[in-house]
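Working notes, structure below.
The values are calculated or read from the model by the stated rules, or taken from the named source; none is laboratory data. Everything numeric in this text was worked out from a predicted model, so none of it was measured. Here Cβ is always computed from backbone atoms with ideal geometry, including for glycine, and neighbour counts include all displayed protein chains. The accessibility values were calculated without ligands, DNA or RNA, using every heavy atom of the protein model including side chains. Shrake-Rupley method; radii C 1.70, N 1.55, O 1.52, S 1.80 Å.
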Amino acid sequence: MTDAVPYLVGIAPCQDYGPEKVRTAVDSAVTHAGGWPLISGNVLFKANILAPRSPEDAVTTHPAVLRGAIHSLKASNPEIQELLVADNPGYIFSHQKEMLLARSGMVELERSGLAKVDLLSERGLVNVAKGKALLSSMRISRTYLEATTVINAAKLKTHVETEMTGCLKNIFGIADTATRKSAHASRSDEHLCHAILDIFEIRPPEFHLLDAVIAMEGKGPSHGTPRHLGWILAGKNALAIDAVAAWMMGYQDPFSIPLLRVAHKRGIGPGSLEAIHLRGASWEQIRCPGFKRAPGNIRWIPTFLRGAVHGLVKVRPLLQRERCVRCGICATVCPVNAIELREGYPVIDSNRCVSCLCCHEMCPPGAMTAKENFLARIAIRNRTRS
Ligand code: SF4
Ligand code: SF4
């Protein structure tokens, strides 16, 4: 039966991050998804280690999920040579490697001898000539490109720019800062979607896991609120898993999310929930009522109307000066150099700003907020009900 089903997603309940519960849930989700791939060389777990934040903040893949996955994978593939858990964090944090790996709990994986942990950029970058649709050049982690097998170990979160981040978006982190900045430097949502998918398609992982035990709702991927969902998902198709996760987050039509819709158009996976076989729970069981979506820009409006409302319906960065520690990170990460520092405080040139919200995402104390205007609040309220 599994061979006849093109898009199989395995799912298993997992109430908390207790080691035994996680191991049982990973085993179960992977079995539902048809089992681990057969592996003999070295394995890279591409985790989400966006920022030096505690696992309880739900910003990063929980180390307990990686631990459970490594034990599970090794049990079915005893001849694995080497295991590495790695990511490129958001921009500036690559200079704070020790703090990043310690706070996110990844360093414990290495101490326990289960796997090495490192930054994806540590062995340098490879120039990749051209993306399939958009990017004219990309610089991609050598470690990632040369791994025999890649397991995507993503975290489910809302995202102020792409609505959600799961398996597809997690692979964006294999590119260097300059490539990621060029992906963000546009007002068009399709630009960013195609850039993310250009990077994804360079070398899709062999298998995907999604940590949705404690997800993030609201202003993800950095400043949202942890939300208990209690599931681990697994499968061979990233888009199919993300579509299931979007349904879980309350989307009636997950393919209304631009990234998922564009991924389907590019042939990466299914284009409807009917094309997905969910094993391990029912669609009704996994739905999370009242899940708070990310504030969005104008992506929900049909393309032909966007010109008329652009500027009316907006989510923009807004500084809460009293919380600002004058670190300058927002100015460093802005892809269009729209931020100037005056006496250490950021001043935004609104004519240049493309509302990518990277400054909001990367601001350590959350001083740069994402502010919806009146029309955006109405739009978001209506959209959340859909
Ligand atoms: S807004 Fe945030 S990122 Fe920018 S200088 Fe202030 S604290 Fe740093
Ligand atoms: S100011 Fe912030 S939201 Fe505007 S373009 Fe720069 S990083 Fe993006």
Computed FRET efficiency, Cβ-Cβ of Arg352 and Ala75, R0 41 Å: what is it to the nearest 0.05? 0.20
Two-site label geometry, Glu98 and Arg321: point separation in nm, points 7 Å out along Cα→Cβ: 3.7 nm
For the stretch 317-325, just list the computed ³J(HN,Hα) in residue order, Karplus coefficients 6.51, -1.76 and 1.60, θ = phi - 60°, integers in Hz, with x standing in for Gly and Pro. x, 9, 7, 9, 4, 5, 9, 6, 9
For Lys157, enumerate residues with amide H under 5 Å from its amide H, sequence gap 5+ or separate chain, H modeled in the peptide plane. Thr165, Met216
Stretch gain in nm, segment Ala129-Asn337, where the contour uses 0.36 nm per residue and the Cα spacing is subtracted: 72.3 nm
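Taking a 19 Å limit on the Cα-Cα distance, which of the listed pairs Lys155/Lys219; Lys169/Lys236; Lys21/Lys157; Lys74/Lys116; Lys46/Lys265; Lys116/Lys181 fall beyond it? Can you show the working numbers first?
Details: Lys155/Lys219 15 Å; Lys169/Lys236 15 Å; Lys21/Lys157 21 Å; Lys74/Lys116 15 Å; Lys46/Lys265 25 Å; Lys116/Lys181 28 Å.
Pairs exceeding 19 Å: Lys21/Lys157; Lys46/Lys265; Lys116/Lys181.
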Would you mind checking which residues have amide H under 5 Å from Lys219's amide H? H placed 1.01 Å from N; only 5 or more apart, or other chain. Gly224, Thr225
If you fit an axis through the alpha-carbon atoms of helix 374-385 and take the longest principal axis of the Cα set of the chain, what angle between them do you get, 0 to 90°, nearest 10? 20 degrees
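Report, for the chain, the % of DSSP beta bridges that are antiparallel, rounded to 5. Provide the component values of the computation, followed by the final result.
Working: 31 of 55 bridges.
Of all bridge pairs located within the chain, approximately 55 percent are antiparallel.
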Excluding ligands, DNA and RNA, what is the solvent-accessible area per residue of the chain at a probe of 1.4 Å, expressed in Å²? 40 Å²
Output wanted: per-residue J couplings in Hz (rounded whole) for the stretch 242-259, from phi through Karplus 6.51 cos²θ - 1.76 cosθ + 1.60, θ = phi - 60°, x for Gly and Pro. 4, 5, 4, 5, 5, 4, 4, 7, x, 6, 5, 10, x, 7, 7, 6, x, 4
Could you order Asp253, Asp211 by accessible surface area, starting with the largest, using a probe radius of 1.4 Å? Asp253, Asp211
Treat each spin label as a single point 7 Å out from the Cα along the C-beta direction, and report the Ser137 to Lys116 distance in nm. 2.9 nm
Under 5 Å between amide H atoms, partner at least 5 residues away or on a different chain: which partners does Gly230 have, H built in plane at 1.01 Å? Val213, Ile214, Ala215
3J(HN,Hα) from dihedral phi, the stretch 114-122, Karplus parametrisation 6.51/-1.76/1.60, rounded to Hz, x for glycine, proline: 6, 7, 7, 10, 6, 8, 5, 7, 4
Can you send over the carbon and sulfur percentage of the accessible area for the chain, probe radius 1.4 Å, protein chains only? 52 percent
At 7 Å along Cα-to-Cβ for each site, give me the label-to-label distance between His228 and Ala178 in nm. 4.7 nm
How high is the relative contact order of the chain, given as a whole-number percent (alpha carbon pairs under 8 Å, six or more residues apart)? 18 percent
